[in-house]
Every structure is written in C-alpha cells, then in structure tokens.
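Nothing in this text is a laboratory measurement; each read-out follows from the coordinates by a stated rule. What you see is a predicted model, and the numbers here were worked out from it, not measured in a lab. Positions of Cβ are backbone-derived with ideal geometry, glycine not excepted, and every protein chain shown enters the neighbour counts.
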Amino acid sequence: MSLHPNHASSSPDHHFFEEQLDAIKDGVKKLAAQVSHAVKPEPSRIRSFADKATELVREHPIAVAGIALGVGYLAVRIARR
C-alpha cells in the first residue's frame, strides 16, 4: 500500500493521511501569510519555504503526522498545567 498522494487508494489510513497532509499544508500557508505580514520578506522566499515544506510533507507523510501528533500531545500536556 502506497501513501504517496499520486497513488489512488481507498483505505481509511490513506484518507487519514490525506486529511493530515491537507491540514498541514493549510497550516503552512497560514503561517507563511502571518510571517509575511510581520516581517515583510520577499514574497518569493515565502513561497519557496511553503513549497519546500509541502514537498517534505509529501515525501515523509507518516513522519510528519507523527511529529504533529507528538507536538499536539505536548501542547495539551503543557496547557493542562
């Protein structure tokens, strides 16, 4: 079973990772927009960063999902204190 976005699959895991990938891409785009308003860097550099981040997520979806879950878990643990 391939988790690469270009390969069709109907498994629940595939859909989960597709949703996670979309959420991460949206988060990267929002973060890039916030950064561009805060420091006014060259727009092409922001786009380049977002493209690199998206590429990384596509190449390593399971690792990115694991990192996101770990960071979320830590954030919840810290927030509950």
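Here are the numbers:
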{"quantity": "Cα-projected label distance for Arg58 with Glu19, points at 7 Å along beta-carbon direction, nm", "calculated": "2.3 nm"}
{"quantity": "Residue among Ile46, Leu69, Leu56 farthest towards the positive dipole end of the range 16-79, charges placed on Cβ", "calculated": "Ile46"}
{"quantity": "Per-residue HN-Hα couplings for the range 45-58 [Karplus 6.51, -1.76, 1.60; θ = phi - 60°; Hz; x = Gly/Pro]", "calculated": "5, 5, 4, 4, 4, 4, 5, 5, 5, 4, 4, 4, 5, 5"}
{"quantity": "Charge sum, other residues only, whose C-beta stays under 14 Å from Asp26's C-beta, Lys/Arg counted +1 and Asp/Glu -1", "calculated": "0"}
